[in-house]
Amino acid sequence: MNVLEEKIKLLPTNPGVYVMLDENKNIIYVGKAKNLKNRVRQYFFNGVKNNKVLAMTKSIVDFYYIITKTEVDALSLENNLIKKHQPKYNILLKDDKTYPYLKINLKEDFPTLTLTRKIKKDGAKYFGPFMNGTSPKEIIEIVNLAFSLRPCSIKLNGKKRKECLNFHLKKCDAPCALKITPKEYKIKVDKAIDFLNGNDKEIEKILTDKMMAFAEKEEFNIALKYKEKLQSLQKIKEKKLAELGKLIDLDVICFYTNNIYSSANVLVVRKGRILGSNNFSFNNPILDEDAIRQFLTGYYNLAEEIPSEIVISEELLERENIEEYFFNAFNKKVKIVSPKKGLKKSLVEMGRENATDYLENINTKIKHKEDMTVIACQKLKELLKLSKYPRRMECYDISNISGVDKVGSMVVFIDGEKDKNLYRRFKIKTVEGANDFESLKEVLRRRLSRLADENFAKPDLIIIDGGKGQLSSIKQVFDELNITDIDLISLAEREEEIFTLYKKESIKLPKSDYCLRLLQRIRDEAHRFALTYHQTLRSKRMLSSKLDDTPGVGKKTKALLLERFKDVEGIKKATKEELMEVSGIGKTLAETLKEIF
């Protein structure tokens, strides 16, 4: 502690970011400070009550800091460093879900209501996000049924087509057959948008009137469909918050801890209606200002949109700094409030109840997950006599058929959990024929030669799919590049034997051992990722070859088809109309393609 004490004495009182390091120089915590000296001192001299903070403090052997001009600059830097390094003791959001939105492109004469998971600045209108509890597909069906918007995605170019079954079932006004003008269609679109903005009175009347009209005609099957949609509409109406008004967009974020783990619940309110909620859990009992701030910045860095108001269950002393950060980062004015009464307070109580219920139900799963990930990593270090805790594990595999379309894969697990953002794929460039040993060596040379570049993270452990031969082969690459600070093992699939560099005999673990299961997960993921890439390349090559043999398909048309449909399956599934949307493909060529594929 003497070295740390000396460094703490020399700390400045400026705002900035501090970075805690363990014995292997791994970053284990990143924090922001208004006063660096005061903040860092608290970890070592103020008496720590929480076991997790105590464990972190015991792991700290060094730290460094970065001075910033303002607290807001420090907040931004803290967020970037957490995102880059994924430190063990920070609040981390690994939820890679993207939530659906409804999109309607008003630039088209006859726009459709579609699902999307990306918001673009393309002039279209977006509604959402729709989280757990609300089905956007159900909303599309209700809107299309009420206002007869076309459900298809056929590109309309003003030429008259034959109306489809939807027209005869009275589900669509057939703009494709020119049975409705753009002006008439726009009136229906405006009504649909009015509903999506929160006005559900007119749509209820339309559905009711249509249901009664079909019932009078004794078209009971169609009438029943409208009745089902009216029941769905009633459930959507129940999520409406009349007191807030239809223009209110806000997120309600609530936290709960049982002093072992903690959770967060996010309620999404758009146009005065609850669109759903999502839950998060953390292997961390701390719900202090730092943890809540890190959750807020991390969550909205993953989100597609930022609401105009964020309601949270806890008071934040640095609320204004976070609001300024949101404005700087997202060019969005955001108001953060902690209500004491009224409907927003009721929403907070609802959110806290959800967070509490979620954590109580998931407690056992969190413990099991920790056993399967972090604790398994800790035990791997002991069992395999690794030089350090294997926080970042990389596993490699090769896939090919008879030496054709040779590819390699790299998958990455952080603290025992896969991180798909860090996966990499390799096309084998220098190896002739089906030689997995040499292919694997090429991939590792390319990967390890980049370690000198600071932008490429260094693994703690590399895992090779194979036996002692594969391990020895890759050890040659380590020796060539003078790699001495990365552990290396291999896992042979037949007997699930683990081979290391320090022991001649293999290590066999019980099939139920969490350490073996962790190694199997990363090995199987590397195999799956390599195989998927190989199949993609093979399918593209087959498609390219088939198109070369197709009469009427030149280089330009071939390139457009490859860009649009990607592979053989893409063209197989395409309709004749979708094929004709590609420039240069008329009816005859589209029919030829359908016959061939």
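Results, tabulated for the structure shown:
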{"read-out": "Estimated FRET transfer efficiency (Phe437, Thr181; beta-carbon r; R0 51 Å; 0.05)", "value": "0.15"}
{"read-out": "Within the accessible area of the chain (1.4 Å probe), percent carbon and sulfur", "value": "49 percent"}
{"read-out": "Potential lengthening between Tyr64 and Arg445 on full extension [0.36 nm per residue; Cα-Cα distance subtracted]", "value": "134.0 nm"}
{"read-out": "Given (i) 180; (ii) 207; (iii) 223, the label whose value is volume of the Cα convex hull per residue in Å³ derived from this model", "value": "(ii)"}
{"read-out": "Where only C-alpha atoms are counted, convex hull volume of the range 103-222 per residue in Å³", "value": "122 Å³"}
{"read-out": "Over 27 Å between alpha carbons, listed pairs Lys7/Lys367; Lys118/Lys341; Lys210/Lys237; Lys201/Lys340; Lys32/Lys333; Lys120/Lys418", "value": "Lys7/Lys367; Lys118/Lys341; Lys201/Lys340; Lys120/Lys418"}
{"read-out": "Trypsin sites (Lys or Arg not before Pro) restricted to DSSP loop in the range 327-409 with at most 13 other C-beta within 10 Å", "value": "Lys333, Lys340, Lys341, Lys385"}
{"read-out": "Pairs from Lys9/Lys84; Lys34/Lys84; Lys121/Lys271; Lys225/Lys594 whose Cα-Cα separation, in the structure shown, is over 24 Å", "value": "Lys9/Lys84; Lys225/Lys594"}
{"read-out": "Label-to-label distance, nm, for residues given as Glu228 and Val3 (7 Å Cα→Cβ offset)", "value": "6.9 nm"}
{"read-out": "Extended-chain gain in nm, criterion 0.36 nm per residue less alpha-carbon gap, Thr592 and Lys170", "value": "148.6 nm"}
{"read-out": "Principal-axis tilt of helix 436-448 within the chain, Cα atoms, nearest 10 degrees", "value": "80 degrees"}
{"read-out": "Inter-probe distance in nm under a simple model that places probes 7 Å from Cα toward Cβ, at Asp524 and Glu353", "value": "4.0 nm"}
{"read-out": "Distance in nm between pseudo-label sites at Ala457 and Leu343 (7 Å out along the Cβ direction from Cα)", "value": "4.3 nm"}
{"read-out": "Rounded Å value of the spacing that divides the Cα centres of the range 68-93 and the range 10-40", "value": "11 Å"}
{"read-out": "FRET efficiency for Lys555 and Lys369, using Cβ-Cβ distance with R0 set to 56 Å, rounded to 0.05", "value": "0.60"}
{"read-out": "Cβ-defined net charge surrounding Asn482, 13 Å radius [Lys, Arg +1; Asp, Glu -1]", "value": "-1"}
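The values are calculated or read from the model by the stated rules, or taken from the named source; none is laboratory data. Bear in mind that the values here come from a model prediction, so they are computed numbers and not experimental data. Quick reminder, even Gly has a Cβ in these numbers, built from the backbone with ideal geometry, and neighbours come from all protein chains shown. The area values use the complete protein model at the heavy-atom level, side chains included, leaving out ligands, DNA and RNA. Shrake-Rupley method; radii C 1.70, N 1.55, O 1.52, S 1.80 Å.
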